[in-house]
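The numbers here are math on the coordinates, done by the rules we state, and not lab data. If you're wondering where the values come from, they're calculated on a predicted model, not measured in any experiment. Please note: Cβ atoms are built from the backbone with ideal geometry, for glycine as well, and neighbour counts cover all protein chains shown.
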Amino acid sequence: MSDGFAGAVRSSNENELLRAFVDMADTLVDEYDVADMLHRLAKYCVTLLGASAAGLLLADQRGGLEVVASSDEGTRMLELLQLQTEQGPCLDAYRSGESVNIEDIAADSGQWPLFARQAAAAGFRSVQALPLRLRRQVIGTLNLFGRQGQSPVGGSALSVARALADIATIGILQERAIRRGELLTEQLQHALNSRVVIEQAKGVLAHAGGLEMDVAFERLRAYSRAHNARLSEVAEAVVRSALSPEQVIGGAS
């Protein structure tokens, strides 16, 4: 692997970076949970590529955007604000199909004043919105946030982020989805439905365990991994009370 490529990661994390690509590539050959896959992509952008935070928006069958994944709760709220106000760099990237790179959000506050104000309150100074696009079809955006006055990721790291996003996009749009679009619609809608159930389960765990929402989500994910179960299925079991919050909180190891 070249020095430039290896330099895309924070230290000498070549093996972890390779595992990330293998993880994303698994979506091309096996059944997978779209919501969990996109959460993993957001985490990789933070832990491997140096973004302060990351979020993903995905379009439903009517073309409306939903927040499907985020690296933390604060980022999810910032993404929701863009959807509610219908303004922000992430929406612009989706609508245009082109990347939006803002190194100083405050300086560009005139474009999206509400977004700029909320981003500043969250401590973010820069944002990169990358469309999830295959040829002319755009199905969402990968959004990277930085706390410094520069792009969240740059150089080789940005190329890696694009590559991971491309693999995720192809994974969603691959041959099972190309069968007249039927499976595509089903998978995208399932991801959006899963998001609702996951948010409900996070709330149940947070209330039962006195946890922050971010911690509740990590316990939910850890339990699903430890028990080799889909994240969405575990969340549904929690919401239906088929699985107690105590089991999830205590069994997330």
Condition met for Leu49 (over 20 Å from Gln111 (Cα atoms), touching a helix residue (DSSP H, G or I) at 6+ places or on another chain (Cβ under 8 Å), in contact (Cβ under 8 Å) with a residue 40 or more places away in the chain and of a type outside the set (Asp, Glu)): yes
Test: residue in the range 103-122 that is closer than 24 Å to Gln200 by Cβ and acidic (Asp, Glu): no
Residue list for the range 68-92, restricted to those being buried (at least 23 other Cβ atoms within 10 Å of the Cβ) and either more than 13 Å from the chain's Cα centre (by Cα) or among the hydrophobic types (A, V, I, L, M, F, W, C) (or both): Val68, Ala69, Leu78, Gln82, Gly88, Pro89, Cys90
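With respect to Ser151, is the statement that it is in contact with a helix residue (DSSP H, G or I) (Cβ under 9 Å, 6 or more places away or on another chain), over 23 Å from Gly88 (Cβ atoms) and of a type in the set (S, T, N, Q) true?
no
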Residue in the range 112-129 that is within 16 Å of the chain's Cα centre (by Cα), among the hydrophobic types (A, V, I, L, M, F, W, C) and crowded, with 17+ Cβ neighbours inside 10 Å present: yes
Output for the range 138-155, where each listed residue is surrounded by fewer than 22 Cβ atoms within 10 Å (Cβ to Cβ) and under 18 Å from Glu103 (Cβ atoms): Arg147, Gln148, Gly149, Gln150, Ser151, Gly154, Gly155
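Residues are listed down the side, and each one gets a yes or a no for (1) more than 22 Å from Val34 (Cβ to Cβ); (2) of a type outside the set (Asp, Glu); (3) out of contact with any Asp or Glu (no Cβ under 6 Å at 6 or more places or on another chain); (4) without any contact (Cβ under 8 Å) to a residue 12 or more places away in the chain:
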residue: Ala93; (1), (2), (3), (4): no, yes, yes, no
residue: Asp104; (1), (2), (3), (4): yes, no, yes, no
residue: Asp108; (1), (2), (3), (4): yes, no, yes, yes
residue: Leu114; (1), (2), (3), (4): yes, yes, yes, no
residue: Ala122; (1), (2), (3), (4): yes, yes, yes, no
residue: Gln128; (1), (2), (3), (4): yes, yes, yes, no
residue: Leu134; (1), (2), (3), (4): no, yes, yes, no
residue: Leu173; (1), (2), (3), (4): no, yes, yes, no
Residue check for Ser96: over 17 Å from the mean Cα position of the chain (by Cα) and either crowded, with 17+ Cβ neighbours inside 10 Å or over 15 Å from Arg195 (Cα atoms) (or both): yes
